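The structure appears below as structure tokens.
The values are calculated or read from the model by the stated rules, or taken from the named source; none is laboratory data. It should be emphasised that the depicted structure is a prediction, and the values quoted were computed from it without experimental measurement. Note: ideal-geometry Cβ built from the backbone for every residue, glycine included; neighbour counts use all protein chains shown. Please note that ligands, DNA and RNA were not included when accessible areas were found on the heavy atoms of the full protein model with its side chains. Shrake-Rupley method; radii C 1.70, N 1.55, O 1.52, S 1.80 Å.
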Amino acid sequence: MTDMRDGQILGREREIGVLTALVAAGVEQGSALVVLGEPGIGKSALLDVARAEARQTGFTVLQAAGMDSEMHLPFGGLHQTLTPLMRHLTDLPEGQRVALAAALGLADGATPDLFLIAEAALALLTRERAEGPVIIVVDDVQWLDPQSHQILTFLAHRSVTVGLVLVGAIRPGHPGPFPNAGFPQLRVSGVDDVTAERLLSSHAGGINATDLRRIREEAQGNPLALLELPRSWGDGRPTDGHPLAVSTRLEQAFAGRIMELPQATRDSLLIAAIGSSSDTDEILAALSAFGVPSPSRGLFEPAVAAGLLINDRSHINFRHPLVRSGVLQRETMARRHAAHAAVADVLIADSYRRSWHRAWSIVGPDDDVAAELAATVPDSLRRGAVMSAVSSLERAAQLTSSSARRGSWLMVAAEHAFASGRPDVVGRLLREASGVDLTELDELRVAWFTEALNGDIRANSKLVRQLCDAARRASALDDTGLALNLLLAAALRCWWADSGADDQAEVVRVVDQLAHAADDPRHLAALAIAEPVLRGSEVLRVLESVALADVTDGDSLRVYALASYAVGDFVRTTDLLDRAEDFFRANGRLGMLPVVLALQLSIRLDLGDWSGAVSAGKEVATISKETGQGLFAENNVLVEARGTALRGDWEGALAAMLDAESDAMRLRINDRICFGYQARGAALLSAEQPAAAFACLKRQFDPADPGYHLRESFAGVALMAEAAVDCGELNEARAIVRTLQTVAVLTPSPLLKVNLLYAQAVLAPEEVREARYEQALAQDLTRWPWIRSRLQLAFGRWLAQVGRSTDAVAHLDAALATFERIGAARWSRRAKLALQGLDGAAPGSAGGDR
């Protein structure tokens, strides 16, 4: 594996050790690795080592390589990777099979979502993994088409779960899903001086010692530079005192060698460099269209002999990507345009690639070419290549002479990019649209996109008013859907950070003006989120009246769930979210899952499904990274900390929440501050510090506190009451509960109702406490086991205190069973202690009765 003729592997003992260990471990477990290094540093040679080692170990070796000239070809990288596994295609469920076949151009089908294609790819790989270990090796990840890049990242995130080994090489300075996902990295730097000397001594004969030293200095340990710079050293060196970057120097070295070739060979290199296929016949046909008389395969031989091309008869490939860069560096813009035109001329049967090359054969404007390129968008969308469609629309917008059409295409592109979870692309498109004469509706769409991408969720009354005004204008222009999107954005801004009751009232006022859209779930959600208490009864009545069982669309289910969550109907919300989650998974729309799972995390904690909450939290973190929706992961930190605290790891919870809590306070985001109080309070209770817990938890109910959020505080009522009982602050807690009882008159929020049932029972005067417990436990709390079990614990302890041990045991046993099942460490401990106390009681008391 250390071929001395290939100097790129010399001096790489550390890197080879990492890769061989990765392969050895991959027989039993999956992993993902990013190989990061500059051009020419030896990443490809190291990937060869990984492939060879994997084959010797019995792996199925799958591979792909990105090419900058093929980035616009949708799913090209995925096609390279999965072609050897097509025998498994018929084994996939129909939805996945049709989606993957459509994406790879193997069949027609309905427009597949990118994540359904990703899940199909994962299923295909999982079937192969059942037969033996599998490794995927991808070179030049930075040049994969956007769809393949995102799917590669999706697979890497799940590599451990399904037992895949995935290794991808990428250059620094190329942001994207894969390098930004946080996978382990193997950084490949220059070789040491000893290795550099060995390389030069074997490849640089005839160069004097002084020049060899200069070459070594310029190469900076880059193996390809050490091999190639000696061959072009006589062509001249930089003399201005500012040495070029190694990659630029190598491009110049290759470019200098190109200039020595026959003109027809240089033409062939140009066609190969700008082409979107390495097929030899296609390149020869394009050469003929370019004006080369009677082109033949012999044209490539001088370039092969010069070490620039690799010719395997049916395909022509550059020896290194920098050769391609070197070719293009030496060519004029006019020749590059002419080459694109020549390639387009021979692609009669491939409308997409033909249009793409025509679009890059001109500077523009050209309305015919722009329209032709835009016309390929439906086909790209049909294949699930959304980002290719975005690229086509963006280029078409650059070429059209119509400002209105340019704005329209940019906005359509932005909508597709937004739906694909690419805020970076949406931001770029919005910047391009800023200098365009947009229609009024497109200007309003820009306002909505801008808000959707706005990670600053601090209170902003001016922005709320602007969104409401934009909604009025959109409604006047008969775009009710856009108006509702803008209002939902305004309502969410009011929810996250309180900018005042007047702003909430303004949102509600505009929502009410759209009464004709009352059947749209966004109308109900905007109303519920903007005014969850004062309009809570109305929202709950509407939710009761809607035949939700007949709603099958995932988007509608998700929005109805937002409305239900806002008013605290958690049982209905979790049912709606479960159905929305099933829909999005079945249709591969994983980009919609972060908002669904983020809500499920919070709800499952309150309902007592803590294992489900943990799963939701982990998946939110993963998918948020994959889809560029970091806000959901940020919001979850404090909710997850509450779950960690409730399960008994109070120290871990306090450590995990520290930064998020500090940021929320600094930015005065009262929604998050309220979550922080609940998480800290839970941690302090688990640490058996009830006085500190009560001091923290009571803050969420103080209208003057920065963490005051009336609706979010509903989830903290029971915890506050429990802390108050444990530290003796009954009077202050009772005052808080009395205030909330008046709120309960305004809204029949189930979340508030069940929390008050607990608080009113544990805080009740002694003479009515039993009646309050019995009244609370008589309610149907089947779907609220966390509240019910705490009521049973509190009632059981009270019954033991008054000597009714038989009744106490029944409640304590039931409570303990629930606590053990969900993992409530502190409460399990308390139930066990109470039961132990009954076991040790004198005959005739609790122990005797048991």
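Here is how the numbers come out for the structure above:
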{"read-out": "S355 over 30 Å from P594 (Cα atoms), in contact with a helix residue (DSSP H, G or I) (Cβ under 6 Å, 6 or more places away or on another chain) and open to solvent by less than 30 Å² (accessible area, probe 1.4 Å)", "value": "yes"}
{"read-out": "Residue list for the stretch 746-755, filter: open to solvent by 60 Å² or more (accessible area, probe 1.4 Å) and outside any helix (DSSP H, G or I)", "value": "P748"}
{"read-out": "Residue count, the stretch 539-591 (criterion: open to solvent by 10 Å² or more (accessible area, probe 1.4 Å), farther than 19 Å from S602 by Cα and not in a helix (DSSP H, G or I))", "value": "7"}
{"read-out": "Unmet requirement for S44, which otherwise passes all of (1) in contact (Cβ under 8 Å) with a residue 60 or more places away in the chain; (2) open to solvent by less than 10 Å² (accessible area, probe 1.4 Å)", "value": "(2)"}
{"read-out": "Looking only at the stretch 310-333, and only at residues there that are among the aliphatic types (A, V, I, L, M) and at pLDDT below 85, the one that is farthest from G40 (Cα to Cα)", "value": "I316"}
{"read-out": "Considering residues of the stretch 156-176 that are open to solvent by less than 10 Å² (accessible area, probe 1.4 Å) and in a helix (DSSP H, G or I) only, the residue nearest to S44 (Cα to Cα)", "value": "A156"}
{"read-out": "Search result, residues across the stretch 433-458 that are buried (at least 17 other Cβ atoms within 10 Å of the Cβ) and more than 19 Å from L486 (Cβ to Cβ)", "value": "V436"}
{"read-out": "Qualifying position, being open to solvent by 10 Å² or more (accessible area, probe 1.4 Å), modelled with pLDDT under 95 and farther than 22 Å from A682 by Cα, among V802, V743", "value": "V802"}
{"read-out": "Sole residue being in contact with a His (Cβ under 9 Å, 6 or more places away or on another chain) and at pLDDT below 90, chosen from S388, S351, S380, S392", "value": "S388"}
{"read-out": "Matching option when the condition is open to solvent by less than 40 Å² (accessible area, probe 1.4 Å) and within 40 Å of the chain's Cα centre (by Cα), among A815, A808", "value": "A815"}
{"read-out": "Evaluation of L838 against (1) hydrophobic (A, V, I, L, M, F, W, C); (2) modelled with pLDDT of 95 or more; (3) assigned to a helix (DSSP H, G or I); (4) open to solvent by less than 30 Å² (accessible area, probe 1.4 Å) (one fails), failing number", "value": "(2)"}
{"read-out": "Among the candidates L62, L46, L125, L85, residue that is over 21 Å from R382 (Cα atoms) and touching a Pro at 6+ places or on another chain (Cβ under 7 Å)", "value": "L62"}
{"read-out": "Single match in A404, A417 (criterion: over 21 Å from F178 (Cβ atoms) and among the hydrophobic types (A, V, I, L, M, F, W, C))", "value": "A404"}
{"read-out": "Count - residues of the stretch 457-484 that are without any contact (Cβ under 8 Å) to a residue 24 or more places away in the chain and part of a loop (DSSP other than H, G, I, E, B)", "value": "1"}
{"read-out": "Number of the exception - A121 against (1) under 25 Å from H72 (Cα atoms); (2) open to solvent by 60 Å² or more (accessible area, probe 1.4 Å)", "value": "(2)"}
{"read-out": "Output for the stretch 509-538, where each listed residue is closer than 24 Å to P703 by Cα and buried (at least 21 other Cβ atoms within 10 Å of the Cβ)", "value": "A526, L527, A528, I529, A530, E531, P532, R535, G536"}
{"read-out": "Among the residues listed as D145, D139, the single one being open to solvent by less than 40 Å² (accessible area, probe 1.4 Å), among the acidic types (D, E) and in contact with a strand residue (DSSP E or B) (Cβ under 8 Å, 6 or more places away or on another chain)", "value": "D139"}
{"read-out": "Residues of the stretch 714-736 satisfying the condition of being assigned to a helix (DSSP H, G or I) and open to solvent by 10 Å² or more (accessible area, probe 1.4 Å)", "value": "A715, L719, E722, V725, D726, C727, L730, N731, E732, R734, A735, I736"}
